[in-house]
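Worksheet for the structure shown next.
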Amino acid sequence: MGFTLKSLLRPLLSLLILAQLTSALRFDLPAVSGHSSKNERCIRNFVLKDQLVVVTAIVDGNKGDGQMVNMHIKDALGNDHGRPKDVTGETRQAFTSPADIAFDVCFENQLVSHSAITNPYRSIELDIDIGADARDWSSIQAQEKLKPVETELRRIEEMVAEVVNEMEYLRAREQKLRDTNESTNERVKWFAFGTMGMLMGLGAWQVVYLRAYFRSKHLI
């Protein structure tokens, strides 16, 4: 086969570049008076155990303009991974996942004072890096004195390993769900057989009882 390392890496690198270009999320968050979880806008993501997560938020505007953007990072186990208040400019929060779990990055924009601006809002750009994407590869390259190609190959290797681990997790979860489904089907089958047997026994008992009753009344 006439495959070379360059020809094999080219499409993979293209996909990685495309993923990086589309990873950032931008949205507008209107200012609302008071504090309420209903006013939060949350973005949910999933992460495997012991993976590094870096959340980068870029909030426009300036402090003192009557708006206050608060950020909250939490997971499904109830752990808090960061609560920066009055966020403006670039803010970065990092944490390591305690388990295979979903986590939320939430924002709220409180209107703390009235201004001349009609319908005030803040624009937020959110970028979430997980695993290999979250590591500082420039620092790793400098510390280990790697060439740029070696650094890129190592990053791709770690990303591929993460994909394999995630596929293995999905396979194990699918196996668990299939086992649960088969166990449930087995229980339903035996419950149906038991119900049919009970109904047949009850019908036979009713026939015997009615025959005995009518005989005692000399009707048959």
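Just a few scattered comments:
- Qualifying residue in the range 170-192 (condition: among the hydroxyl-bearing types (Ser, Thr, Tyr) and in contact with a strand residue (DSSP E or B) (Cβ under 9 Å, 6 or more places away or on another chain)): no
- Residue match in the range 42-54 (condition: charged (D, E, K, R), modelled with pLDDT of 85 or more, more than 19 Å from residue 125 (Cβ to Cβ) and surrounded by 12 or more Cβ atoms within 10 Å (Cβ to Cβ)): yes
- Tally, over the range 88-115, of residues that are within 23 Å of residue 170 (Cβ to Cβ) and polar (S, T, N, Q): 2
- Considered as a group, the residues in the range 103-119 that are more than 30 Å from residue 75 (Cβ to Cβ) and of a type outside the set (A, V, I, L, M) include one that is modelled with the lowest pLDDT, and that residue is 115.
- Candidates in the range 13-40 are the residues that are farther than 18 Å from residue 92 by Cα and of a type in the set (D, E, K, R); of these, the one that is modelled with the highest pLDDT is 28.
- Criterion: in a helix (DSSP H, G or I), of a type in the set (Gly, Ala, Ser) and in contact (Cβ under 8 Å) with a residue 24 or more places away in the chain - qualifying residue of 132, 99, 94, 142: 132
- Qualifying position, being on the phi < 0 side of the Ramachandran plot, at pLDDT below 90, touching a strand residue (DSSP E or B) at 6+ places or on another chain (Cβ under 8 Å) and surrounded by fewer than 16 Cβ atoms within 10 Å (Cβ to Cβ), among 92, 135, 83: 135
The values are calculated or read from the model by the stated rules, or taken from the named source; none is laboratory data. All figures in this text were calculated on a predicted structure; none of them were measured in a lab. Heads up, the Cβs are rebuilt from the backbone with ideal geometry, glycines too, and the neighbour counts pull from every protein chain shown.
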